[in-house]
1. Identify, please: which residue in region 33-52 is under 19 Å from GLN70 (Cα atoms) and assigned to a strand (DSSP E or B) and is, among those, farthest from the ligand (Cβ to nearest atom)?
2. Condition test on PHE34, is it under 25 Å from LEU117 (Cα atoms), modelled with pLDDT of 85 or more and surrounded by 12 or more Cβ atoms within 10 Å (Cβ to Cβ)?
3. Quick check on VAL158: is it under 22 Å from ARG221 (Cα atoms), modelled with pLDDT of 90 or more, buried (at least 19 other Cβ atoms within 10 Å of the Cβ) and out of contact with any helix residue (DSSP H, G or I) (no Cβ under 6 Å at 6 or more places or on another chain)?
4. Kindly list, by first and then second residue, each pair from a residue in region 6-23 that is part of a helix (DSSP H, G or I) to a residue that is among the β-branched types (Val, Ile, Thr), limited to pairs with Cβ atoms under 6 Å and residues at least 6 apart or on different chains.
5. Within region 25-51, take every residue that is among the aromatic types (Phe, Trp, Tyr) and free of Cβ contacts under 8 Å to residues at least 12 places away in the same chain and give me the one that is farthest from HIS85 (Cα to Cα).
6. Does GLU12 satisfy the condition of being surrounded by 12 or more Cβ atoms within 10 Å (Cβ to Cβ), over 22 Å from the mean Cα position of the chain (by Cα) and within 25 Å of ILE112 (Cα to Cα)?
7. Look through region 202-256, keep the residues that are aromatic (Phe, Trp, Tyr) and in a loop (DSSP other than H, G, I, E, B), and return whichever of them is modelled with the lowest pLDDT.
8. Looking for something outside any strand (DSSP E or B), touching a residue at least 12 places away in the same chain (Cβ under 8 Å) and within 16 Å of the ligand (Cβ to nearest atom) - is there at least one such residue anywhere in region 95-105?
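The values are calculated or read from the model by the stated rules, or taken from the named source; none is laboratory data. This structure is a prediction, so every number in the text was calculated from the model and none was measured. Glycine gets a Cβ as well: all are built from the backbone with ideal geometry, and neighbour counts include every protein chain shown.
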Amino acid sequence: MEDYPRTLLEFEERFSTEEACIEYLFKLRWPEGFRCPRCEHPAAWNMRRDLYRCVRCRFETSITAGTIFQDTRKPLHLWFRAIWHLTSQKYGANALGLQRVLDLGSYRTAWIWLHKLRRAMVRPGRDRLSGTTQVDETYIGGEKPGKRGRGAAGKALVVVMVEVKEGKIGRIRLRRVRDASAPSLEGAVKEGVETGSTIHTDGWGGYGQLSEMDYIHEVVRKEAVVGRNLLPKVNLVVCLAQAVVVRNLSRWRSTFSPGLLS
Ligand SMILES: [Zn+2]
């Protein structure tokens with residue numbers, strides 16, 4: 001089981017103190033215990049609560065070194081709260097909302113935080129898909145299929161992009177969208193798939209302009225009913241995804257993982 005909070009209450013209880021935040025970062029950075037970044041030695045003196053000195057080579061490293069929290073003058077639990085806020089907003093957070101939630105005195109500070117966090121949330125090395133890619137969209141989180149773009153309150157509409165290599169599933173990208181309109185779907189595809197790739201979709205009109213966006217677009221199935229009639233590889237991926245609570249947990253986790261703690 002992954003170790004992150006699932007609800008606001010759990011979050012507040014878990015990360016109410018600096019110590020708790022530091023402990024969390026420590027475990028992400030050194031899941032098997034401290035290791036000196038210079039000589040790999042496993043023992044260190046704890047100098048300050050977030051600062052360690054290797055007992056062999058005396059190299060000093062802080063928990064936040066190389067992360068977006070490095071050199072911050074604000075407490076970590078405030079940063080954690082900002083990340084929680086950002087990852088739990090359905091359609092993205094804004095600076096004003098962040099300022100309010102964190103009780104920050106200045107709008108400008110909130111704006112700077114927002115952009116810093118957004119940059120961190122784009123995982124480095126997360127390349128776009130290429131080659132032949134199946135793209136279809138579905139509602140995740142509900143058991144009944146809904147109408148496209150309407151009538152599915154409480155469910156997340158997700159564009160599923162699946163690379164197909166020699167008949168097998170390659171890399172996968174999921175992207176939550178507001179609706180199944182052409183601008184939403186095109187935006188998702190643009191972020192998820194490299195231009196020049198071959199994209200297979202059903203006959204839904206929202207995909208109609210892909211060939212004008214420098215993709216090779218092939219409609220492999222004329223009918224277009226969301227949720228029930230997915231392209232085969234997408235369907236497989238969705239079956240797996242249904243078993244997972246998708247909403248903000250994966251984003252929460254990715255915020256802290258490799259990019260941030262490299
Ligand atoms: Zn060392």
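1. ARG48
2. The answer is no for PHE34.
3. No.
4. From residues that are part of a helix (DSSP H, G or I), the pairs are ILE22/ILE63.
5. TRP45
6. Spelling it out, it is not the case that GLU12 is surrounded by 12 or more Cβ atoms within 10 Å (Cβ to Cβ), over 22 Å from the mean Cα position of the chain (by Cα) and within 25 Å of ILE112 (Cα to Cα).
7. Only one residue fits best here, namely TRP204.
8. no
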